[in-house]
Every structure is written in structure tokens, then in C-alpha cells.
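A short write-up of the structure that comes next.
The values are calculated or read from the model by the stated rules, or taken from the named source; none is laboratory data. All values reported here derive from a predicted model rather than from experimental measurement. Glycine gets a Cβ as well: all are built from the backbone with ideal geometry, and neighbour counts include every protein chain shown.
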Amino acid sequence: MKEKFLEINKLLVEIYDDITHIEEFSIKNGAFKDLSITEIHTIEAIGLYGSRTMSEIAARLDITMGTLTTAVDKLIKKDYAKRSRSDVDRRIVNVSLTNKGKLAYRIHEKFHLDMVKEIMSDFTIDEEEILLSALKKLNKHLKDIYLPSQKNSKSI
């Protein structure tokens, strides 16, 4: 049993590393070479439509407001995002994507979809369903363990 757990752990780490490397390679060799993975993830957290408050974005990324401010400043300087004050409460800062930011979002989203399509091309329909079910369970368990906002968070 221990060998199985060790193999699963090894595979999960390798898959995570491989996806990260593929993503980094795609960004460095794509249309948006001036973006880092962190900046792409910040663009994703801002979202394609409308705007989000700095607090909402920081919560989505699980980072401090100071870290987010630095990231947003870089995205604004590169013309991927813009900042505005709320009309209701001037203390609230909203962030939205520029057209360039929306294009980066869409291209990165397409990269992920293409990667999944390529991976799934070798799977049978039954294997696809099994993988989907297993990933849903894995995702749920990880959220149950690690999300501090949940009442019944577990520690390991």
C-alpha cells in the first residue's frame, strides 16, 4: 500500500511540475513574452468581464494586498490592466483588464483547453469519465483539507 501512495505522490508532483513547465514555455514563446506566470494568474483572477476589487482578487489568489498591489502595478505599466475607484465608496479600488489584458486572458485560456484536448486524445470515453470522476474527488478532498474558510478543515 505504501508503494502505491509513494507512486501516486510522485506522479502528482511530476504532473504539477510538467504543467508548470509547459505553461512557462508557452508564455515565454508566445505572444505575451513580457508576462510571468504570476502575472497571467493575476489576469485570470481579475477576470474577463467587469471589474473586481483588490480585496476580491487578493482573496482569489490567496496573497496579501501588498503583493497584489505590486502585481497590479506591473500589469498597469504593461497595459494589461487598469485601476479605478468605486463611485459608491472612493476607498474601494477596482481593477479590470484592458483589451490587451483580455486578449492575454483568452489566449491563455485557449492554451489550457488545447493542452487538455491533447492529453485527452489518447483516452477512451470510459477513461475520460474515470479521470473526471477521480479529479473531482481529488479536488474536493484538497479543498476540504486546505481551505481555511471551511468550518471542518482538517490538518495533516
Practice task
Read through the list (1) out of contact with any Ser or Thr (no Cβ under 6 Å at 6 or more places or on another chain); (2) in a helix (DSSP H, G or I); (3) surrounded by 12 or more Cβ atoms within 10 Å (Cβ to Cβ), then give the number of the only condition that F111 fails.
Solution key: (1)
Handout entry: Pick from segment 1-41, criterion farther than 15 Å from L75 by Cα and outside any helix (DSSP H, G or I), ranking: farthest from the chain's Cα centre (by Cα)
Key = M1
Exercise for the section: May I ask you to verify whether E44 is touching a Phe, Trp or Tyr at 6+ places or on another chain (Cβ under 7 Å), of a type outside the set (K, R) and in a helix (DSSP H, G or I)? Expected result: yes
Problem - Where V93 falls short, out of the listed (1) within 17 Å of the chain's Cα centre (by Cα); (2) among the β-branched types (V, I, T); (3) farther than 27 Å from N29 by Cα - result: (1)
Handout entry: Long-range neighbours under 6 Å by Cβ, at least six apart or interchain, first residue in contact (Cβ under 8 Å) with a residue 40 or more places away in the chain and under 16 Å from K82 (Cα atoms) within segment 49-69, second polar (S, T, N, Q) and surrounded by 17 or more Cβ atoms within 10 Å (Cβ to Cβ)
Key = S51/N94; S51/S96; T53/N94
Exercise for the section: Kindly check whether there is at least one residue in segment 51-64 that is more than 26 Å from K143 (Cα to Cα) and either loosely packed, with under 14 Cβ neighbours inside 10 Å or at pLDDT 95 or above (or both). Expected result: no
Practice task
Return only the number of the condition from (1) without any contact (Cβ under 8 Å) to a residue 40 or more places away in the chain; (2) closer than 29 Å to L147 by Cα; (3) of a type outside the set (A, V, I, L, M) that K82 does not satisfy.
Solution key: (2)
Exercise for the section: Hey, can you tell me all the residues within segment 31-54 that are touching a strand residue (DSSP E or B) at 6+ places or on another chain (Cβ under 9 Å) and farther than 18 Å from E109 by Cβ? Expected result: S51, T53, M54
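Consider segment 79-99. How many of its residues are of a type outside the set (F, W, Y) and surrounded by 15 or more Cβ atoms within 10 Å (Cβ to Cβ)? Steps first, please.
Keep residues of segment 79-99 that are of a type outside the set (F, W, Y), which gives 79, 81-99.
Next, only the ones that are surrounded by 15 or more Cβ atoms within 10 Å (Cβ to Cβ) stay: 81-83, 93-98.
Residues flagged as of a type outside the set (F, W, Y) and surrounded by 15 or more Cβ atoms within 10 Å (Cβ to Cβ) within segment 79-99 amount to 9.
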